[in-house]
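The structure appears below as structure tokens.
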Amino acid sequence: MRILIIEDEPKTGAYLKKGLEESGYSVDVANDGADGLLLAQEQDYDVIVLDVMLPTMDGWAVLKVLRATRTTPVLFLTARDDVSDRVRGLELGGDDYLVKPFAFVELLARVRTLARRGPPRESELLKVGDLEIDVNRRRVRRGNTRIDLTPREFSLLQLLARRQGEVLSRTQIASYVWDMNFDSDTNVVEVAIRRLRAKIDDDFPVKLIQTVRGVGYVIELKETD
Ligand code: CA
């Protein structure tokens with residue numbers, strides 16, 4: 001079982017890591033929101049413990065971007081026992097919360113429950129034409145052909161597929177998949193799209209990723225004329 005702790009206070013992070021490791025978990029700690037998000041997107045964790053007050057990106061922003069592509073259970077830590085904070089966290093896709101300060105045994109109990117529950121089932125399979133994306137097992141196939149994607153390509157495809165039929169601008173894609181504003185350098189998105197196309201479209205007669213000139217990209221099964 002792997003846990004990611006996103007917490008900027010070194011003492012708290014170290015204390016939680018030690019406690020969870022002693023309870024048999026393998027633990028990574030990120031000290032700010034952007035680093036935490038990157039790890040959460042690229043690695044497979046069973047549970048993420050997410051502090052809300054963080055430098056670079058707060059916990060809400062991390063949760064929002066993470067939920068575009070990942071269903072990993074998130075336990076968020078809020079400093080205030082404030083109803084609006086809790087509601088906001090749960091609405092953004094958090095699974096449970098703890099109010100600081102809390103007893104370690106309580107955190108451990110919540111983590112255990114979330115780890116047992118696993119990721120929610122509802123978003124398991126995304127389909128676009130004959131393309132199938134098994135979100136939880138991170139497997140992609142077109143018809144009978146299995147397709148291997150890098151984690152970044154998988155995130156990009158998943159984003160497009162969750163919003164199928166909706167045109168996403170290069171800037172939108174950059175901000176979700178890379179969590180960055182590229183401004184002028186949207187070439188990064190073009191390169192990534194080209195690589196993804198090479199894997200999911202080039203060898204197939206029906207192309208799924210469409211370029212909308214001057215706007216961006218959309219994944220959809222186009223009606224044939
Ligand atoms: Ca904090």
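The values are calculated or read from the model by the stated rules, or taken from the named source; none is laboratory data. As the structure is a prediction and not an experimental result, all values here were calculated from the model. Cβ sites come from the backbone with ideal geometry, for glycine too, and all protein chains shown count toward neighbours. With ligands, DNA and RNA removed, areas are computed over all heavy atoms of the protein, side chains included. Shrake-Rupley method; radii C 1.70, N 1.55, O 1.52, S 1.80 Å.
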Quiz item: Are there any strands (runs of 3 or more DSSP E) wholly within segment 1-80 with 3 or more residues that are farther than 30 Å from L160 by Cβ and touching a residue at least 12 places away in the same chain (Cβ under 8 Å), and if so which?
Solution: 26-30
Self-check item: Odd one out for G36, checked against (1) modelled with pLDDT of 90 or more; (2) farther than 29 Å from F154 by Cα; (3) within 15 Å of the ligand (Cβ to nearest atom)
Solution: (2)
Quiz item: For segment 143-158, which residues satisfy the criterion of being of a type in the set (G, A, S) and open to solvent by 30 Å² or more (accessible area, probe 1.4 Å)?
Solution: G143
Exercise. Could you tell me which numbered condition V140 fails, if it satisfies all but one of (1) in a strand (DSSP E or B); (2) open to solvent by 10 Å² or more (accessible area, probe 1.4 Å)?
Key: (2)
Quiz item: Hey, any hits in segment 65-85 for a residue that's crowded, with 18+ Cβ neighbours inside 10 Å, among the hydrophobic types (A, V, I, L, M, F, W, C), away from the ligand (no atom under 13 Å from the Cβ) and farther than 27 Å from E153 by Cβ?
Solution: yes
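For segment 159-174, does any single residue satisfy the condition of being basic (K, R), surrounded by 18 or more Cβ atoms within 10 Å (Cβ to Cβ) and touching a Ser or Thr at 6+ places or on another chain (Cβ under 6 Å)? I'd like the intermediate steps shown before the answer.
We begin by selecting, within segment 159-174, every residue basic (K, R); these are 162-163, 170.
Then drop every residue that is not surrounded by 18 or more Cβ atoms within 10 Å (Cβ to Cβ), which leaves 170.
Filter again for touching a Ser or Thr at 6+ places or on another chain (Cβ under 6 Å), leaving 170.
Within segment 159-174, one or more residues are basic (K, R), surrounded by 18 or more Cβ atoms within 10 Å (Cβ to Cβ) and touching a Ser or Thr at 6+ places or on another chain (Cβ under 6 Å).
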